[in-house]
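Reading through the structure tokens given below for one structure.
Quick note: the coordinates plus some simple rules give every number you see, no bench work behind them. Predicted, not measured: the structure shown is a model, and the values here were computed from it. Here Cβ is always computed from backbone atoms with ideal geometry, including for glycine, and neighbour counts include all displayed protein chains.
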Amino acid sequence: MTVYRYIYTTYWDDPFIQKLTPEEKYFYLYLMTNRHTRQCGCYSITVKDMCFDTGYNDETINKLITRFEGYGKIKYDRDNNELIMLNWLKHNPAKSPLTAKCIDKELNEIKNQGFRTFIHGLCVQLRYPVSPLQAPSKPLLSKQTETKTKKETETIKDKETSESSNRQPIKKPYGEFKNVYLTDEELKKLNEKYGDTETKNKTEALSAYIRSKGVQYKDHYATIIQWSLRDAKENSFAQKKGDGNGNASATRSAFRDIEAVQSGEENV
């Protein structure tokens, strides 16, 4: 029998969803629509299943599970390989007697007693016509599972912190030809050093020069600083000689023919 899961079009307008990364949005949609999902919002699924379906490795899956547990959206019992969507029944009503009967059946198949109790209690709170639950209840996660989850969470957080500290800052393209690459921090330093207008002029000059000459530079931030230092020396020399053009800008000097020193600058 074909099973359908409904996703509201307002899903993408939800403030929580809008704050997620593309990876998290994909994973959350997967949790709501994969073939293991059940009417009660709790289902059996292994990390291996999630890896196979999404294409992510087990490290990424465990990292995403931990994140969504932290967001208060799911709980995952790693001992029984059971996952519960904590808000599922709020958005998937079970007011129909047939739906409630289906949930009754599914509740008896859930291994984690805490999950069973939580789902039944939510159904009663929402006034869904489910049968009384007779099974003994215990915490949402066993103490052993909570300890294991806490350790895994700490390990993943430590690894994320390490990865974040080792991650290279992203360089964004600037200039008319989008060929001058600077990090946000580098651009901030240039603006503080030369001012927004002059920094833009220097960036445009470098962009045009790279495009016209076909040269390459290892570090555009260092190149802009080097050009500025060279221009400052030229202006100082011109002023000492009484040259009326002593205030020549980096934009103009950037375009002068410097093939004689180009080989040295291209490695900056």
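Over 31 Å between C-alpha atoms is what I'm after, so list which of Lys73/Lys172; Lys19/Lys105; Lys63/Lys101; Lys172/Lys240; Lys63/Lys200; Lys48/Lys111 land there. Exceeds cut-off: Lys73/Lys172; Lys19/Lys105; Lys63/Lys101; Lys172/Lys240; Lys63/Lys200. Distance between the modelled labels on Arg127 and Thr33, one decimal in nanometres: 3.3 nm (7 Å Cα→Cβ projection). Full extension of the segment from Lys95 to Phe237, taken as 0.36 nm per residue of separation minus the current Cα-Cα distance, would add 42.5 nm. For the pair Asp53 and Glu109, the difference between a 0.36 nm per residue extended length and the Cα-Cα distance amounts to 17.8 nm. Calculate the length of the line joining the C-alpha centroid of the range 170-227 to that of the range 48-92, in whole Å. Cα centroid to Cα centroid, the span is 44 Å. Calculated FRET efficiency, Tyr71 to Gln226, Cβ-Cβ distance, R0 = 45 Å: about 0.45 to the nearest 0.05. Using 0.36 nm per residue and subtracting the Cα-Cα separation, the extra length available between Ile7 and Thr60 on full extension is 16.6 nm.
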